[in-house]
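Chemist: Have a look at this one.
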Amino acid sequence: MAVTAHTKKAALTGNTAVAIAMKQINPDVYPAYPITPSTGIVEDFSGFVADGSVDTELITVESEHSAMSACIGASAAGARVMTATSSQGLALMWEMLYIASGMRLPIVIADVNRALSAPINIHCDHSDSMGARDAGWLQLYAETVQEAYDNVFMAMRIAENAKVMLPAMVCMDGFITSHAIENLDLLSDEEVRGFVGEYKGRNSLLDTDNPVTWGAMVLQDHYITFKHQQSEAMTRAKGVAAGVMKEFGEKFGRPYGLIDAYRLEDAEAAIVIMNSAAGTTKVVVDDLRKQGKKVGVLRLRLFRPFPFKEIADALRGVKVVAVLDRADSMNSFGGPLFNELRSALYDLDNRPKVMSRIYGLGGRDYKVKDAVEVFEELLNISKTGKIDTMTKYITL
């Protein structure tokens with residue numbers, strides 16, 4: 001398919017770019033309760049509502065719990081629904097996240113990743129979205145402002161697909177991406193409408209000719225059946241996501257996949273990482289490659305559903321891997337990405353040695369020197385065959 005995009009160049013923060021993407025989708029309902037560092041999304045979008053740029057019903061609520069509750073009610077009534085939050089805001093939605101996914105409601109939320117209290121911190125790490133990783137939501141992660149903007153459209157398409165019908169979380173790093181100004185290409189409103197399409201909710205509460213029940217009591221006779229159906233939908237979502245990303249690339253010239261493998265073809269050592277820190281790591285990879293060192297980076301774009309087969313294929317020939325988590329599972333055995341990735345590699349005949357490194361909590365900078373030190377450790381392990389410390393914190 002030929003690329004037909006008519007893009008407009010712009011320099012925007014991640015928050016504004018996501019707000020514009022939401023404006024172009026023009027959701028029916030937008031329940032909102034602002035929280036740092038996602039406040040800019042809600043502020044910008046409320047401006048679009050005030051000046052008539054969208055037809056959206058903006059609902060101002062008293063808490064994030066209420067925001068997600070309103071999202072659930074509106075989506076169950078057949079509306080296309082979006083919102084944004086961060087950190088404690090997502091945590092306050094916890095109860096309702098499970099209800100949204102259990103009811104198979106394709107709500108899209110922008111989560112601007114921020115550390116969870118205590119102590120209070122307003123800067124980036126991934127403890128908020130990682131804490132919600134088993135809530136039944138799709139999760140996409142963005143390295144750049146451009147990708148955050150594009151992910152909003154792809155998330156909407158994936159969530160609303162009839163084979164999926166699950167809510168989706170679009171994640172980007174607080175302040176690092178949300179407040180940084182980057183150059184990007186904006187699609188036209190017509191292109192967005194053509195790609196995202198119209199949404200018609202199924203089994204709407206407002207369809208009085210075909211009444212349905214939502215939120216009913218389901219005991220041991222059928223509860224597991226509902227969960228099995230939800231699990232199967234999450235499994236199908238991986239194929240749907242791959243197809244949507246492929247279509248987006250063909251139409252607009254910005255190709256995406258479930259993962260982003262960078263210089264891994266002949267890599268001996270690799271770092272696995274997500275979001276903005278991947279950019280720093282790629283710079284280090286390029287520098288080390290010039291020195292003849294065979295290193296690479298694997299970045300996950302999709303974390304839920306977990307692309308375990310694609311990860312295993314990408315790392316099949318690598319000898320040693322460091323998984324860098326910007327969150328700690330507090331299990332004394334590494335971060336959430338580490339544990340899942342290590343499991344994904346288990347059945348490989350010659351699986352890499354894998355170690356866990358926790359970095360950047362509460363917005364602590366992840367610098368070039370940090371990536372260099374990890375790669376040096378990996379290359380040494382490749383020679384000795386021994387990991388001295390399986391799990392440890394870096395950037396301390």
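Chemist: Can you pull out the residues in region 244-258 that are assigned to a helix (DSSP H, G or I) and not aliphatic (A, V, I, L, M)? Outline the logic, then answer.
Modeler: Let us first name the residues in region 244-258 that are assigned to a helix (DSSP H, G or I), namely 244-252.
Passing the criteria: 246, 247, 248, 249, 250, 251, 252.
Chemist: Determine if region 350-365 includes at least one residue that is surrounded by fewer than 20 Cβ atoms within 10 Å (Cβ to Cβ) and in contact with a Ser or Thr (Cβ under 6 Å, 6 or more places away or on another chain).
Modeler: yes
Chemist: Somewhere in region 120-142, is a residue in contact (Cβ under 8 Å) with a residue 12 or more places away in the chain, in a helix (DSSP H, G or I) and surrounded by fewer than 20 Cβ atoms within 10 Å (Cβ to Cβ)?
Modeler: Step one: filter region 120-142 for residues in contact (Cβ under 8 Å) with a residue 12 or more places away in the chain, giving 121-133, 135-142.
With in a helix (DSSP H, G or I) added as a condition, the list becomes 127-131.
Applying the additional criterion that residues be surrounded by fewer than 20 Cβ atoms within 10 Å (Cβ to Cβ) yields 131.
Yes, the conditions are met somewhere in region 120-142.
Chemist: Name the residue, out of 76, 110, 84, that is surrounded by fewer than 24 Cβ atoms within 10 Å (Cβ to Cβ), touching a residue at least 40 places away in the same chain (Cβ under 8 Å) and under 19 Å from residue 26 (Cα atoms). Write out each step before concluding.
Modeler: On the way: 110 fails: surrounded by fewer than 24 Cβ atoms within 10 Å (Cβ to Cβ); 84 fails: surrounded by fewer than 24 Cβ atoms within 10 Å (Cβ to Cβ).
After ruling out the rest, the residue left standing is 76.
Chemist: Next up: Of everything in region 177-204, what is polar (S, T, N, Q) and assigned to a loop (DSSP other than H, G, I, E, B)? Give them in sequence order. Steps first, please.
Modeler: Here is the first cut: in region 177-204, the ones polar (S, T, N, Q) are 177-178, 183, 188, 203-204.
Passing the criteria: 177, 178, 188, 203, 204.
Chemist: Something else: For region 120-143, state whether one or more residues are in contact with an Asp or Glu (Cβ under 9 Å, 6 or more places away or on another chain) and more than 21 Å from residue 337 (Cβ to Cβ).
Modeler: No, every residue in region 120-143 fails to be in contact with an Asp or Glu (Cβ under 9 Å, 6 or more places away or on another chain) and more than 21 Å from residue 337 (Cβ to Cβ).
Chemist: I've got another one for you. Being more than 24 Å from residue 177 (Cβ to Cβ) and in contact with a Pro (Cβ under 9 Å, 6 or more places away or on another chain): is that true of residue 79 here? I'd like the intermediate steps shown before the answer.
Modeler: Values: more than 24 Å from residue 177 (Cβ to Cβ): yes; in contact with a Pro (Cβ under 9 Å, 6 or more places away or on another chain): yes.
Against the criterion (more than 24 Å from residue 177 (Cβ to Cβ) and in contact with a Pro (Cβ under 9 Å, 6 or more places away or on another chain)), residue 79 qualifies.
Chemist: Another question, if that's okay. Working only within region 8-65, note down all residues that are touching a helix residue (DSSP H, G or I) at 6+ places or on another chain (Cβ under 7 Å) and of a type in the set (Lys, Arg).
Modeler: Answer for region 8-65, where residues must be touching a helix residue (DSSP H, G or I) at 6+ places or on another chain (Cβ under 7 Å) and of a type in the set (Lys, Arg): just 23.
Chemist: Ok, one more. Residue 207: without any contact (Cβ under 8 Å) to a residue 40 or more places away in the chain, over 18 Å from residue 251 (Cα atoms) and not in a helix (DSSP H, G or I), yes or no?
Modeler: no
Chemist: In region 366-383, how many residues are free of Cβ contacts under 8 Å to residues at least 24 places away in the same chain and buried (at least 22 other Cβ atoms within 10 Å of the Cβ)?
Modeler: Within region 366-383, the subset free of Cβ contacts under 8 Å to residues at least 24 places away in the same chain is 369, 373, 376, 380, 383.
The next check asks that each one be buried (at least 22 other Cβ atoms within 10 Å of the Cβ); those that pass are none.
Matching residues across region 366-383 total 0.
Chemist: Here's something else I'd like to know. Going through region 98-107 one residue at a time, which ones are part of a helix (DSSP H, G or I) and touching a residue at least 40 places away in the same chain (Cβ under 8 Å)?
Modeler: If we filter region 98-107 for residues that are part of a helix (DSSP H, G or I), which is where we start, we get 98-102.
99, 100, 101, 102, listed by residue number.
Chemist: Also, quick follow-up: Tell me, which strands (runs of 3 or more DSSP E) wholly within region 1-88 include 3 or more residues that are of a type in the set (A, V, I, L, M) and at pLDDT 95 or above? Full working, then the answer.
Modeler: Working: elements: 8-13, 29-32, 57-60, 82-85.
Those strands (runs of 3 or more DSSP E) span 8-13.
Chemist: Considering (1) under 25 Å from residue 235 (Cβ atoms); (2) under 22 Å from the mean Cα position of the chain (by Cα), say which one residue 278 fails and leave the rest.
Modeler: (1)
Chemist: Could you tell me whether region 154-161 includes any residue that is assigned to a loop (DSSP other than H, G, I, E, B), modelled with pLDDT of 95 or more, in contact with a strand residue (DSSP E or B) (Cβ under 6 Å, 6 or more places away or on another chain) and in the same structural domain as residue 22 (by TED's automatic domain parsing)? Don't jump to the end; show me each part of the working.
Modeler: Initially, region 154-161 is screened for residues assigned to a loop (DSSP other than H, G, I, E, B), giving 161.
Pick out the ones that are also modelled with pLDDT of 95 or more and you get 161.
Checking which are in contact with a strand residue (DSSP E or B) (Cβ under 6 Å, 6 or more places away or on another chain) leaves us with none.
Scanning region 154-161 turns up no residue that is assigned to a loop (DSSP other than H, G, I, E, B), modelled with pLDDT of 95 or more, in contact with a strand residue (DSSP E or B) (Cβ under 6 Å, 6 or more places away or on another chain) and in the same structural domain as residue 22 (by TED's automatic domain parsing).
Chemist: For region 211-251, give me each residue that is among the aliphatic types (A, V, I, L, M) and within 18 Å of residue 139 (Cα to Cα).
Modeler: Taking region 211-251 first, the residues among the aliphatic types (A, V, I, L, M) are 212, 216-219, 224, 233-234, 237, 240-242, 244-245.
Answer for region 211-251, where residues must be among the aliphatic types (A, V, I, L, M) and within 18 Å of residue 139 (Cα to Cα): 233, 234, 237, 240, 241, 242, 244, 245.
Chemist: To continue, here is another question. So how many residues does region 218-243 have that are among the polar types (S, T, N, Q), part of a loop (DSSP other than H, G, I, E, B) and surrounded by 11 or more Cβ atoms within 10 Å (Cβ to Cβ)? Full working, then the answer.
Modeler: Taking region 218-243 first, the residues among the polar types (S, T, N, Q) are 220, 225, 229-231, 235.
After this cut, where a residue has to be part of a loop (DSSP other than H, G, I, E, B) as well, the list is 220.
From what's left, surrounded by 11 or more Cβ atoms within 10 Å (Cβ to Cβ): none.
Result for region 218-243: 0.
The values are calculated or read from the model by the stated rules, or taken from the named source; none is laboratory data. The model shown is predicted, which means the values in this text are computed figures rather than measured ones. Cβ sites come from the backbone with ideal geometry, for glycine too, and all protein chains shown count toward neighbours.
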